[in-house]
Ligand code: DC
């Protein structure tokens with residue numbers, strides 16, 4: 001596992017949001033970014049973009065070496081906007097296709113490869129440290145690997161049923177609820193059980209189980225946590 005050099009000059013507040021799929025990370029991150037004037041970076045979109053490129057090039061996402069080779073001529077850019085990140089893959093806006101089920105599963109498979117993660121983590125650190133205004137960065141390993149010295153770490157969790165309900169409400173036409181739940185369980189297992197940077201809360205993360213909470217309650221609680229962080 002790699003960790004951020006501790007002598008890097010940090011330019012702004014760093015808020016790390018981690019947790020499983022459907023726990024509300026994107027909504028919380030967007031709210032925090034708006035409230036505190038931070039740049040919002042969704043790291044999952046980077047894994048999705050690389051997975052899309054692998055699929056398009058017929059590279060098996062299970063082949064770590066082949067996927068890593070792909071990174072040498074790949075540029076992924078996140079452009080934060082009001083409605084989430086716009087994602088450019090080698091200059092092409094691929095935002096609209098990154099959430100389809102095939103890309104979703106492929107992203108989870110791409111993310112198990114250690115060397116691919118190292119490439120991602122380096123890119124994510126550069127993006128985060130370059131944000132003069134500070135950043136809220138959302139993913140699976142932000143508090144444990146990308147920014148182990150983040151100013152505040154929130155780990156959002158919820159039961160798989162609650163997360164499935166929320167996702168289904170967002171995309172009812174896309175697929176059956178049962179399929180969605182099964183895919184979510186698959187991804188959960190891969191994210192939590194992989195050897196490289198498995199999904200887990202950092203020791204100093206504040207764990208927020210949102211199962212029985214309304215969205216407003218979650219947003220309020222997360223904002224209160226960030227408001228309490230001493231500014232340097
Ligand atoms: O957050 P998301 O659903 O868009 O992420 C897509 C996939 O990428 C997810 O299955 C896990 C992986 N991922 C990761 O391993 N590490 C991150 N920091 C972000 C996402």
query: Pulled fully out, how much extra length does the chain show between residue 105 and residue 11, if you take 0.36 nm times their separation in residues and subtract their Cα-Cα distance?
result: 30.4 nm
field: Distance from region 191-212 to region 38-52 (C-alpha centre basis), Å
entry: 18 Å
query: Rounded, prolate or oblate: which fits region 107-187, taking a ≥ b ≥ c as square roots of the Cα gyration tensor eigenvalues, rounded meaning a/c under 1.5, else prolate when a/b beats b/c?
result: prolate
task: Assuming a ≥ b ≥ c are the square roots of the Cα gyration tensor eigenvalues, decide whether region 87-134 counts as rounded (a/c under 1.5), prolate (otherwise, with a/b larger than b/c) or oblate.
output: oblate
query: For region 18-107, what's the relative contact order in percent, using C-alpha pairs closer than 8 Å and at least 6 residues apart?
result: 29 percent
message: Using the Kirkwood radius over C-alpha pairs as Rh, can you work out the diffusion coefficient of the chain via Stokes-Einstein at 20 °C, viscosity 1.002 mPa s, in µm² per second?
response: 120 µm²/s
query: Rounded, prolate or oblate: which one fits region 148-194, using the alpha carbon gyration tensor with axes a ≥ b ≥ c (rounded when a/c is under 1.5, else prolate when a/b beats b/c, else oblate)?
result: prolate
Gyration tensor over alpha-carbon atoms, region 13-98, equivalent ellipsoid semi-axes in Å: 27, 14, 11
task: Output the relative contact order of region 136-232, whole-number percent, from Cα pairs under 8 angstrom with separation of 6+ residues.
output: 42 percent
statement: Highest mean packing first, using Cβ neighbours within 10 angstrom, the peptides 105-114, 192-201 sort as 105-114, 192-201
- line: Computed over the Cα atoms of region 47-156, the Rg and Dmax in Å are 14.0, 40
Net length gained if the chain between residue 161 and residue 79 were fully extended (0.36 nm per residue, minus Cα distance): 26.3 nm
- line: Cα-based Rg then Dmax for region 142-232, in Å, read 15.3, 48
- request: Out of all DSSP beta bridges with both ends in the chain, state the antiparallel percent to the nearest 5.
  value: 30 percent
query: Per residue of the chain, what 222 nm ellipticity follows from adding -39500 (n - 2.57) for every DSSP H run with n ≥ 4, rounded to the nearest 500?
result: -13500 deg cm²/dmol
- prompt: Which whole-number percent gives the relative contact order of the chain, counting Cα pairs below 8 Å spaced six or more residues apart?
  reply: 33 percent
- line: For residue 207 and residue 149, extending 7 Å from Cα along the Cα-Cβ vector and measuring point to point gives, in nm, a value of 2.7 nm
message: Can you give the Rg/Rh ratio of region 116-162, where Rg is from the C-alpha atoms and Rh is the Kirkwood radius?
response: 1.03
query: Assuming R0 = 45 Å, what is the FRET efficiency of residue 63 and residue 225, from their Cβ-Cβ distance, to the nearest 0.05?
result: 0.65
field: Residues residue 177 and residue 56, FRET efficiency given R0 of 30 Å [Cβ-Cβ distance, rounded to 0.05]
entry: 0.55
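Read-outs throughout are calculated quantities, based only on the coordinates presented, and are distinct from any laboratory measurement. Bear in mind the structure is a predicted one, so any value in this text is a computation, not a measurement. Note that each Cβ is placed from the backbone with ideal geometry, even for glycine, and that neighbours are counted across all protein chains shown.
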